[in-house]
Amino acid sequence: MLLALVLLALVLLAAYRLYLRWGTRSGPGGAAREGQAAVLPRMKRRDFSLEQLREFNGARNPRILLAVNGKVFDVTKGSKFYGPDDTDAFQYILYKGMVGVKYCRVRSYGPYGIFAGRDASRGLATFRLDKDALRDEYDDLSDLNAVQMESVREWEMQFKEKYDYVGRLLKPGEEPSEYTDEEDTKDHTKQE
C-alpha cells in the first residue's frame, strides 16, 4: 500500500512538471504569445547593427528578430520556436483584458531561442544550436563551404516566405539605408 502511494506521488509529480514545462505553451499564456504578433504594429523598415539586433530577443523587447544571410526578419509570430531559450529569460507578451492591452512577462522557451536577436546564419548552415555557432562580431560567413552557403540561402528563402523582412544587418562601419514609407508599404503588401 505504501509503495502504491509513493508511485502515485511520483507519477503526479512527473505529470505536474510536464504540465509546467509544456502545458503553459498551449494554455492562455501560449495563446497570448502566439497572438502577440497580431497585436504588435508592423515594424517599419530599418537596418540594424549587431548591437541593435540584440535588443529584439523577446526578453528585453516583445518583438523577436533574427538575421539570416544579412537580412533581418521579424519572427515574433513564431515565438514558440524563437522565444528566448535562456531559463532566466522572460518574454513580454501582450494580452487584451478588460482594461485594455497590457504587457505581461512570462517564461518562454523555444528550440531555436538561441538565435533570437542574433545572426542565425552560421548556426542554421552548420545545424548547430549552441553558443559556439554564434559570433559576437559581424560574421561574413567566408569560411563556410559551398554546401553550407547553399543551406544559408535555403533558410533565407524559407524566412522570406514565412516572416516579415524588416531590414538588413549592417557590416561594421556601414551606414543604414533610408527607407521611404512607400518602399516599406510596397514590400509588406508584396509579402502578404
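The values are calculated or read from the model by the stated rules, or taken from the named source; none is laboratory data. Here the structure is a predicted model, which means the values were calculated and not measured. Heads up, the Cβs are rebuilt from the backbone with ideal geometry, glycines too, and the neighbour counts pull from every protein chain shown. The accessibility values were calculated without ligands, DNA or RNA, using every heavy atom of the protein model including side chains. Shrake-Rupley method; radii C 1.70, N 1.55, O 1.52, S 1.80 Å.
Are there any pairs, at least 6 apart or on different chains, whose C-beta atoms fall under 9 Å, with the first in segment 146-163 and under 11 Å from LEU124 (Cα atoms) and the second open to solvent by 80 Å² or more (accessible area, probe 1.4 Å), and if so, which?
SER151/PHE127
Those residues that are at pLDDT 95 or above and of a type in the set (D, E, K, R), I need them from segment 56-75; list them, please.
The answer is LYS71, ASP74.
Within segment 109-144, can you find the residues that are open to solvent by 80 Å² or more (accessible area, probe 1.4 Å) and not acidic (Asp, Glu)?
The answer is PHE127, ARG128, LEU129, LYS131, ARG135, SER142.
Mind listing whichever residues of segment 114-150 are out of contact with any Gly (no Cβ under 6 Å at 6 or more places or on another chain), part of a helix (DSSP H, G or I), small (Gly, Ala, Ser) and closer than 21 Å to ASP74 by Cα?
Across segment 114-150, the qualifying residues are SER121, GLY123, ALA125.
Any residue in segment 35-49 that is in a helix (DSSP H, G or I), modelled with pLDDT of 90 or more, of a type in the set (A, V, I, L, M, F, W, C) and more than 14 Å from the chain's Cα centre (by Cα)?
No; the residues of segment 35-49 include none that is in a helix (DSSP H, G or I), modelled with pLDDT of 90 or more, of a type in the set (A, V, I, L, M, F, W, C) and more than 14 Å from the chain's Cα centre (by Cα).
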